[in-house]
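Right, one structure below, let's go through it.
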Amino acid sequence: MAKQKAKPKQKHGFLIRGGLDIPFFMIVIALITLGLIMMFSASSSYSYYYFNDSFYYFKRQLVFAILGLGVLAVMSSVDYHVLKKAAVPILLVSFALLVAVLLVPPPAGFEDFHRWISLGPVTFQPSEIAKFAIILYFAYHMDRHFKEINSNALSDASWAQGFNQGRGLIKIRAKTVHMMWYLLILAVTCALVYKENHVSGTLLIFALGIMMMFLAGFNYRWFVVAAVALVVLVIVVVKNPSILPEHAQPRILSWVDKDYDPLGVRWQTNQAIYAIGSGGFFGVGLGNSKMKQLYVSEPQNDFIFSIICEELGFVGALFIVILFALLVWRGFLIGIKAKDIFGSLLAMGIVFQVGLQAALNIGVVTDVLPNTGISLPFFSYGGTSLLMLIFEMGVVLSVSRTAKLKKI
Amino acid sequence: MARKTDRKLQDRAYIAMILTLVLGFGIGVFGMINTGLIHGEENRRKAESEQLSDTVVAARRGTIYDSNMNILAQSTDAWKIYVNPKEVPDEETAKKAASSLSSILDVDYDEVLTDCLNKKRSYIVLKSKVDFNTKQLIEKLRTENKGYNRFIGIEDDVTRFYPYDNFASTVIGFTGSSDKGMSGLESAYNTKLTGLSGRNITAQNAKQREISSDFATYYAAQEGTSLQLTIDNAIQYYLDSALSNAVETQNATYGYGIVMDVKTGAILAMSSQPDYDLNDPYKISKADVKEELDQIANDDERAKATTSALFAQWRNRTITDTYEPGSVFKCITAAAGIEEGVVTPDEMFVCGGSYKVKDITYHCSNRRGHGSEDFTTSLMNSCNPIYIQVAQRLGSQKFSNYFEAFGLGETTGVDLAAEAAPKPGVTYYTADRMGPVELASSSFGQSFQVTPIQVCTAINAIANDGKLVQPYIVARELDSEGNVVSVTKPTVKRQVVSKLTADTVTQMMVEVVRNGTAKNATVTGYKVAGKTGTSEKLTTATEDYIGSFCGFAPADDPEISVIIIIDDPKSGSFTGGKTAAPVAAEVIGNTLRYLNIEPEYGDDEKTQQDVKTPSVVGLSAAAAQESLSASGYTVRVIGDGEKVKAQYPEAGKLIPQNGVIVLYTKSAKASETVEVPNLTGLTVSQARSTARAAGLNVEIVGTSNDFTGASYTQSISKGTKVALGSTVTVAYMTTTTEMEIEDTGNAD
């Protein structure tokens, strides 16, 4: 039906008109700046000890941050609809990279973890690209089939005609076909990331995909079923950690039993909560962390939030949490007010991903969640992932230009 | 429709947003509150406990000085070298570092390598108490090799140094690995010497490196108390060398002795030979013992035997070992008898050679008997039957009272560790258990066990007008700046006998030295009072004897009490008169001259009289030489200056008549030295002329009127370099047969 009445195609140029959303922009700049400062503070002792240079990590991160600002300027000015053309290629590249990463030898010391690909001096995680690929492709596909997803229209796929045209009891609805399709893509992606020995990445992508499907308008009942299934799964995993990959088991065990510490698996978490405790309400002051003196291992990475808590205290850390919350709020608002479904899903998917990752990271560092390798967006060290992140922020800003927001 | 779907999307977006914010960030904020605020204190404490390094700052141990403030024991800075194997990058580096370390520190290469590769630990001490030069070499190694300073560490340490090695070693004692006193004074005064250690609290990173922090706190250590001993280095040297000489020449197992200040009980010298090197206490000092130990094939047995040999060499036998004092004790019996009025020095006795108590016959040393003799003579003859009779007159109760009054039933209370405590009924008979037989044997010093210091203190009471004093060895305690913290006040325990009795017994003891069994303790110019003793060791199967002498001098106004014990001499003579008395003579002579006690000469001693050297410093060389030669001195002039700038011995020192005086006309210091020639095996005149030829003075000790024999020992051994004009003591022994007959060992 929809095909017969083709919508007049909207014309899109390469650049986009309209002012960008200043609050979101300010939040992003604040997070990037704070992230750099805290990353420098957290990494200084560690990099001095291992590289004889307090600025070792800071300098590298700074280069990517500056590059990122360029990317932000460009991407926020580019019409986000150009990404529609890239959706399928990026998904394919993502799959290719996820397969490739399993084939290249992992770096020394991480023999069991196929998470990184090195291209010369740059190292990146294909799972980071996979996240964006899922958001983009889902947004693109859901935008195209939004009406079908939100109606009971029957599928017009050729294989379904046998069911739909007869008088049989079983009718294949279009939204069912789409759901299957999304689940398939999600399943393949998650399976590949899981093969990397990357449980947290798998969960994150899975949650992201499900959220996109939720936003697209699939029936609530599926999500109730999914939520129940998730709770059951969590209970099963906590009760029987042996079904997990070997490296993840002790993390679950030591999370359940805080005194269980074989081979020092709780070391990292303990150091983190000691740091948070040391910070108290107002913190020991910027730069004064003692736990970053090689106690918290790689304080510039996944556990940077503990150093933030120690130096800036509960108050400072709460400020950063609020910044993330504002980012999520403003991002969703941009999505809600976006001109079209594509932009809407794109913006919401991106900020949801960032928000979820930040929330999970803070949960891990404060020992509410089991220790998983999740980094804190904007704060954790990692040039390519920062670049990717800022690019995504540019995308959201691009969406904001045509959104019907009250411009401040 | 579009509006409816838009609204639906909007609703879902809000749901998703709220879910993310509330659930997601709720978890995070909950975690922050839980770990940072609710359990914040606990986590902060845990953090601090791993960040703060609380190291003990060792207090410097107090110094031990002799009475002249010569340092006998001192703690000096040292260093500890350790490795942190966790920071050793690879095996290659470990091997390279281990070979450098083992050669610098003189430790086994394989051990160092094993330590360096012990990845489980982060702190292994390779060597402690390393000196400054070695520490510098390690520092150089660390700077020259990149990365070494990550795993090779240097820490402060202290080491105990004993400048005089063996000197008074059994008295001073030594410290163990943790700077804790292991024996002697180091152990007895450990708490005071140790002081209070301080603390250094610093923040450190996870690799045990210090980082700056507000927590850094330093509590300074409080240095230990220093001790000034009553030990006089010169007197200690006389005693040490006389005893070690005696042990060697008499082939004895041990020789030990004490020199005590009569009036105060201050111990001027205390020695137990053979001794050991305080700087190397775990080395077996006796060569023959070492050889014996090396021949034990079984490792365990050898280790056990080595341990007991070490404990044996560390013992201060003057306070830890007990023995039967034998005839020396007759002085106590005599004092008790005279004090109680049951006997007088002039009372006549008859010695028939033996005396029967109940069914037991006690023999006198002279089995034929001494015949008719007065009480004084019975002491000179050391005649057992007479003392049994005196004890019988006293009765068990009174005898025991005096035994205990003289301090033989208690420890002397000397401030040294491990003084053997007497046990009533075990080490000696108490009155209620003392039957006639026990009384008889006790009367002449048998059937009970006492320590040398008990005997010396008891005899000292006779010297000290009947007053028993408590011996002590620490004269003063000083703080780290040298301020006097406390001074030991001499303690008089009690008046044991009257001054009159004490004087009477002293006169009897003078006779014992002049013409009795202690004749070999004679010192020219000084009146010595003393008594010898010989007892058979009951603990051994073979016939082992202990020869002893205890006495004091000068008899008219006693300054020093001396006890000398020669344990198991194997060179033929074993009686106290032959083994211990000559050693005592040497020690007494040297000590009294050192203390500048004016000698007094009897008529027969005039020729051997010491004279005070006149002062000739400042006179012209020729005039000095002329005047000294006229007075009979032998003069040596060093240098061709016109005036005498220095003389040796200095003015006022006692030297033998016609002695050698060296005059220095160029330098103002006595600088010439000479090797001491052999002076043993010579007659008196031979010894004198040999010494004079070498430019030395000789002091003759031993039997005063019999110089026909050959000298048996000299105070400074052959080949030693001494100042030109020094005095060497040469000892002579009586060779004529006397009343003493060595057949029973029960008495001299």
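Calculated from DSSP H runs of 4 or more alone, at -39500 (n - 2.57) each and per residue, what is the 222 nm mean residue ellipticity of chain B, nearest 500?
So the helix-based figure for chain B works out to -10000 deg cm²/dmol.
Across chain A, where is the longest run that never hits GluC sites (Glu not before Pro) in a DSSP loop with at most 12 other C-beta atoms within 10 Å?
A:247-408
Go through B:Val676, B:His363, B:Phe574 and say which Cα lies farthest out towards the positive end of the charge dipole of the protein assembly as shown; charges sit on Cβ, +1 for Lys and Arg, -1 for Asp and Glu.
B:Val676
Quick one: work out the % antiparallel among DSSP beta bridges in the protein assembly as shown, nearest 5.
Of all bridge pairs located within the protein assembly as shown, approximately 85 percent are antiparallel.
Step by step: find N for the stretch B:606-732, compute 2.2 N^0.38 Å, then divide the Cα radius of gyration by it. What's the final number?
1.06
What does the charge count around B:Ala458 come to, taking other residues whose C-beta lies under 13 Å from its C-beta (Lys +1, Arg +1, Asp -1, Glu -1)?
Once positives and negatives cancel, what remains is +3.
Enumerate the aspartates and glutamates that A:Lys258 could reach by cross-link, defined here as Cα to Cα under 14 Å, with residues fewer than 8 away along the same chain left out.
Partners within reach: A:Asp367.
For B:Cys383, B:Cys351, A:Cys309, what ranking results if the residue with the fewest other Cβ atoms within 10 Å of its Cβ goes first?
Ascending Cβ contact count within 10 Å gives the list B:Cys351, B:Cys383, A:Cys309.
What percent of all Cα-Cα pairs in the stretch A:22-402 falls into each 20 Å bin, going from 0 up to the bin containing the maximum distance?
26, 57, 15, 1
On C-alpha positions alone, give me the angle between the axis of helix A:82-103 and the longest principal axis of chain A, in degrees, nearest 10.
That works out to roughly 50 degrees.
Suppose R0 equals 45 Å; then what is the FRET efficiency for A:Phe51 and A:Val315 from their Cβ-Cβ distance, rounded to the nearest 0.05?
0.90
Toward the positive end of the charge dipole of the stretch B:94-207, about the Cα centre and with charges on Cβ (Lys, Arg +1; Asp, Glu -1), which of B:Ala94, B:Ala203, B:Tyr162 goes farthest?
Selected residue: B:Ala203.
Just to be sure I understand the model, the point goes 7 Å from the Cα along the line to the Cβ. What's the resulting B:Asn401 to B:Asn118 distance in nm?
6.7
Give me the percent of DSSP beta bridges within chain B that run antiparallel, rounded to the nearest 5.
85
Sequence gap of 8 or more, or different chains, plus Cα separation below 25 Å: how many lysine pairs satisfy both in the stretch B:227-348?
Close lysine pairs under the 25 Å cut-off: 4.
Anyone know which of A:Gln125, A:Gln353, A:Gln165 comes out most mobile in the 10 Å Cα GNM of chain A?
A:Gln165
Could you let me know the centre-to-centre spacing of the stretch B:218-262 and the stretch B:574-588, using Cα atoms, in angstrom?
19
Per residue and in Å³, how big is the convex hull formed by the alpha-carbon atoms of the protein assembly as shown?
258
Restricting things to alpha carbons, find the Rg to Rh ratio for the stretch A:212-362 using the Kirkwood radius for Rh.
Ratio of gyration radius to Kirkwood radius for the stretch A:212-362: 1.06.
By a straight-distance test (C-alpha under 20 Å), which lysines pair with B:Lys8 as possible cross-link partners, with residues fewer than eight away in the same chain excluded?
A:Lys147, A:Lys175, A:Lys337, A:Lys339, A:Lys404
Evaluate E = 1/(1 + (r/R0)^6) for B:Val674 and B:Lys95, where r is the Cβ-Cβ distance and R0 equals 35 Å; express this FRET efficiency to the nearest 0.05.
0.05
Ranking A:Leu376, A:Leu286 by Cβ neighbours within 10 Å, fewest first, what do you get?
Ranked by crowding around the Cβ, least crowded first: A:Leu286, A:Leu376.
Under a point spin-label approximation (7 Å from Cα along Cα-to-Cβ), what is the B:Lys8-A:Leu244 distance to one decimal in nm?
3.8
Just need log10 I(q)/I(0) for the stretch B:474-633 at q = 0.10, 0.20 Å⁻¹, Debye formula, equal scatterers on the alpha-carbon atoms, no solvent, rounded to two decimals.
Listed by q, the Debye log ratios stand at -0.58, -1.18.
What does the charge count near B:Ile563 come to, summing +1 for each Lys or Arg and -1 for each Asp or Glu among other residues with Cβ under 13 Å from its Cβ?
Around B:Ile563, the surrounding residues sum to 0.
Could you pull out the longest piece of chain B with no exposed loop GluC sites (Glu not before Pro) in it, calling a site exposed if DSSP puts it outside H, G, I, E, B and it has at most 11 other Cβ atoms within 10 Å?
B:1-480
Between their Cα atoms, which of B:Lys519/B:Lys653; B:Lys643/B:Lys669; A:Lys84/A:Lys195; B:Lys489/B:Lys531 are more than 22 Å away from each other?
In this structure, B:Lys519/B:Lys653; A:Lys84/A:Lys195; B:Lys489/B:Lys531 exceed 22 Å between Cα atoms.
What distance in nm separates the two pseudo spin-label positions at B:Lys643 and A:Thr33, each 7 Å out from Cα along the beta-carbon direction?
So the two model labels end up 9.2 nm from each other.
Work from the charge dipole of the stretch A:22-402 (Cβ charges, +1 for Lys and Arg, -1 for Asp and Glu, about the Cα centre) and give the residue of A:Val199, A:Thr123, A:Leu183 farthest towards its positive end.
Checked the options; the winner is A:Leu183.
Which of A:Phe113, B:Phe132 comes first, and how do the rest follow, when ranked by fewest Cβ neighbours within 10 Å?
Starting with the residue having the fewest Cβ neighbours, the order is B:Phe132, A:Phe113.
Amide H of B:Leu227: which non-local residues (sequence gap of 5 or more, or other chain) have their own amide H closer than 5 Å, using H built in the peptide plane?
Amide H neighbours of B:Leu227: B:Thr63, B:Ile64, B:Tyr65, B:Leu478.
I'd like the FRET efficiency for B:Lys718 and B:Lys423, computed as 1/(1 + (r/R0)^6) with the beta carbon distance as r and R0 of 41 Å, rounded to 0.05.
E between B:Lys718 and B:Lys423, to the nearest 0.05, is 0.30.
Summing Lys, Arg as +1 and Asp, Glu as -1, what charge do residues with Cβ under 13 Å from the Cβ of B:Leu243 carry, B:Leu243 excluded?
Within the 13 Å Cβ shell, the charges total -4.
Taken together, the values in this text are just the output of simple stated rules run on the coordinates, not laboratory data. Please read these numbers as outputs of a predicted model, since none were measured by experiment. Because the Cβ atoms are built from the backbone with ideal geometry, glycine has one as well, and the counts that use them run over all protein chains shown.
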